[in-house]
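To start, the structure itself, in structure tokens.
The values are calculated or read from the model by the stated rules, or taken from the named source; none is laboratory data. Given the structure is predicted, the values throughout are model-derived calculations rather than measurements. Note that each Cβ is placed from the backbone with ideal geometry, even for glycine, and that neighbours are counted across all protein chains shown. Surface areas here come from the heavy atoms of the whole protein model, side chains and all, with no ligands, DNA or RNA. Shrake-Rupley method; radii C 1.70, N 1.55, O 1.52, S 1.80 Å.
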There are 2 protein chains.
Amino acid sequence: MESPKSDRAKEMEAALRRDGVRLTRQRAALLEVLGDAEDHPDANELHRRAKGLDETVSLATVYRTLSVLEAQGVIHRHAFEGGGARFETADSPHHDHIIDLDTEEVIEFRSEKIERLQAEIAAELGYDVVHHRLELYCRKAPEK
Amino acid sequence: MESPKSDRAKEMEAALRRDGVRLTRQRAALLEVLGDAEDHPDANELHRRAKGLDETVSLATVYRTLSVLEAQGVIHRHAFEGGGARFETADSPHHDHIIDLDTEEVIEFRSEKIERLQAEIAAELGYDVVHHRLELYCRKAPEK
DNA sequence: AATGCAATTGCGAATTATTCTCATGTAATA
DNA sequence: TATTACATGAGAATAATTCGCAATTGCATT
């Protein structure tokens, strides 16, 4: 029994087709892996997982494809502190991140208020926000 | 006529002395350069400037010293998008950054409200914020 | 001022994350 | 299924940073 292609992977494939991006065996494998990921893996980890679906994917292609996918807007690239870039699919609405300093785990959150304040602050200084980065490096609060 | 040692450099030297950190010729040069900097230079640029005061400073020592200074808390290290780390003295109160995407220029700002919201959000999820990173990547707003 | 030694330095080699080169392979179209 | 422009794998190249080591040097103590 084959693992069925995830819906997220299928949606990403469709998006790429719409833009005339070629769908290679290697790209399909990476899309599958990205679609299944519930975490925020780095290029190396994605390569490791992708090889499970297709022996032939090279790390160079993982990097190349990640750049393509990012340019197409189907994934987001994050550069958290320490180590390399980490990736996630772009299908969920915008959010920022909490990074657990002890576990490296990434938790997503969203604050309309903060978004609004950011735009206001930039506007006051004569700027438009193109994109932003808000990361809270945290530790579990002691039980009370 | 010698350029007089900047006050900020002197303060940083005092802080290091207090903690028993040795003040070498090379470190003094770097402190001087950091004290004079009005921008957010990277290691390479700091090395270039430091060589103007002391021919002998090597890039390796710049990196080593920056790590020492960061550990002592007298400078902050920032990893903005693209390129390497950039540094600034830690004497000004906490602030976040706007990065002008066209000029690479860095503008500092501060929002009590955003700080408060961040802490609230983390607390709701059971976390304490150790530190955070808020960067607005911006373009100059069109004149109205 | 001379001494002693652990901390610091410069140099170049090593590392890490990522990108590039180029000869070969292949997806999409006709 | 032939064409061809685009994608790929392997490994070299790059960029930022760190490391190993032998030589130097702050600085506390004579």
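Applying a threshold of 6 Å to beta carbon distances and a minimum spacing of six or more residues, or different chains, the list of pairs starting in the stretch A:60-76 at a residue that is without any contact (Cβ under 8 Å) to a residue 40 or more places away in the chain and ending at one that is within 11 Å of DNA strand D (Cβ to nearest atom) reads A:Thr61/A:Gln26; A:Val62/A:His47; A:Thr65/A:Arg27; A:Thr65/A:Leu30. In the set B:Glu143, B:Glu81, B:Glu124, B:Glu135, only one residue is loosely packed, with under 14 Cβ neighbours inside 10 Å, at the interface with another protein chain (Cβ under 10 Å from one of its Cβ atoms) and touching a residue at least 40 places away in the same chain (Cβ under 8 Å); that residue is B:Glu81. On the given criteria, is B:Val74 within 11 Å of DNA strand C (Cβ to nearest atom) and among the hydrophobic types (A, V, I, L, M, F, W, C)? No. Scanning the stretch A:63-72 for residues that are more than 8 Å from DNA strand D (Cβ to nearest atom), open to solvent by less than 60 Å² (accessible area, probe 1.4 Å) and closer than 16 Å to A:Ala9 by Cβ yields A:Leu66, A:Leu69. Here are some conditions: (1) touching a residue at least 40 places away in the same chain (Cβ under 8 Å); (2) more than 14 Å from chain B (Cβ to nearest Cβ); (3) surrounded by 16 or more Cβ atoms within 10 Å (Cβ to Cβ). A:Asp91 meets all but one. Which one does it not meet? The failed condition is (3). Screening A:Ile99 against (1) away from chain B (no Cβ under 14 Å); (2) without any contact (Cβ under 8 Å) to a residue 60 or more places away in the chain; (3) open to solvent by less than 50 Å² (accessible area, probe 1.4 Å) leaves a single unmet condition, (1). Within the stretch A:114-131, being modelled with pLDDT of 95 or more and of a type outside the set (A, V, I, L, M) holds for A:Glu115, A:Arg116, A:Gln118, A:Glu120, A:Glu124, A:Gly126, A:Tyr127, A:Asp128.
Rundown of residues vs (1) outside the structural domain of A:Glu13 (by TED's automatic domain parsing); (2) more than 14 Å from the chain's Cα centre (by Cα); (3) within 16 Å of DNA strand C (Cβ to nearest atom), yes/no style:
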{"site": "A:Leu31", "(1), (2), (3)": "no, no, yes"}
{"site": "A:Arg48", "(1), (2), (3)": "no, yes, yes"}
{"site": "A:Thr65", "(1), (2), (3)": "no, no, yes"}
{"site": "A:Leu134", "(1), (2), (3)": "yes, yes, no"}
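Just a yes or no: is a residue in the stretch B:110-118 closer than 30 Å to B:Thr65 by Cα and facing chain A (nearest Cβ under 10 Å)? For the stretch B:110-118, residues closer than 30 Å to B:Thr65 by Cα and facing chain A (nearest Cβ under 10 Å): present.
So, in the stretch B:39-62, how many residues would count as being closer than 15 Å to B:Gly83 by Cβ, surrounded by fewer than 19 Cβ atoms within 10 Å (Cβ to Cβ) and either within 12 Å of DNA strand D (Cβ to nearest atom) or of a type in the set (A, V, I, L, M) (or both)? Selection size over the stretch B:39-62: 5.
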